[in-house]
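The values are calculated or read from the model by the stated rules, or taken from the named source; none is laboratory data. Fair warning: this is a prediction, and the values are worked out from it, not measured in the lab. Neighbour counts run over all protein chains shown; Cβ positions are idealised from the backbone, glycine included. Keep in mind that these areas ignore ligands, DNA and RNA; they rest on the heavy atoms of the full protein, side chains included. Shrake-Rupley method; radii C 1.70, N 1.55, O 1.52, S 1.80 Å.
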Amino acid sequence: VRSRIRWVPLKWRVATFRPGQGGMANRTAAVVKEVKETASAGGQTLVFVQSRLRAEQLASGLAREGLRAKAHHAGLGSEEREEIERMMRDGDVQCVVATPTLSMGCNFPVRKCVIHDLQRYEQGQAVPLSVNDVWQLGGRAGRKGLDESGEVVLLAGQHESGMAWQYTKGVFEAVRSRMTEKASMAGQVLAMVGSRLATSPGQLKRLMARTLALWTM
């Protein structure tokens, strides 16, 4: 399935900072600049980070700069998360710093998305985000009926700007079903049998034939 239709156009941009000693302060200053620019024009910003601690630290740093900012992550209670989401929709905050918990299923009046981290840690190693992930995060900006355009800003060290620009080309990785993994397949079969969607091997095969699994094996 391919589609290039997006009702609200997105503008992609790379913002660089000086790494090394004081690199985190420089990174935070770059985010503050982006959020202030959008806030001064009456817009809101959603900043994506890859850890709860960084979400809290960055939201506090923005608040110290006089910005109305909140952190949003799975470590907060559901009521607190819902309140922050309400504040965002009502325009009571200028920026929300979030982990990928807000990467889908939300429709905020966000004019700009800043992707603070282009890497995540897996088993102690830094792994670049996939193009699919970056575009999913950036897609929160410029919502239909709320803005005429949106902006995605990729934050990168000066030596990483070339890599960051590669994301803007939109060359996506293949989408593969998780049901090609034995554990995921077993879990799905148990769910189908347990819910009585399938009560025989024949029914299971017919249901599986309607998923992505057989297309990606």
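Data for the structure
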{"quantity": "Residue match in region 90-101 (condition: among the acidic types (Asp, Glu) and under 20 Å from Gly42 (Cα atoms))", "calculated": "yes"}
{"quantity": "Whichever residue in region 85-101 is open to solvent by 10 Å² or more (accessible area, probe 1.4 Å) and part of a helix (DSSP H, G or I) and, among such residues, is modelled with the lowest pLDDT", "calculated": "Thr101"}
{"quantity": "Single match in Ser184, Ser130, Ser195, Ser200 (criterion: out of contact with any Cys (no Cβ under 6 Å at 6 or more places or on another chain) and closer than 30 Å to Pro9 by Cα)", "calculated": "Ser130"}
{"quantity": "Selection within region 31-73 - of a type in the set (D, E, K, R) and either closer than 15 Å to Ala15 by Cα or crowded, with 21+ Cβ neighbours inside 10 Å (or both)", "calculated": "Lys33, Glu34, Lys36, Glu37, Lys70"}
{"quantity": "Leading residue by the ranking (nearest to Met104 (Cα to Cα)) among those in region 35-70 that are of a type in the set (D, E, K, R) and more than 17 Å from the chain's Cα centre (by Cα)", "calculated": "Arg68"}
{"quantity": "Residue satisfying all of: in region 1-52; in a helix (DSSP H, G or I) and touching a Pro at 6+ places or on another chain (Cβ under 9 Å); farthest from Leu146 (Cα to Cα) among these", "calculated": "Asn26"}
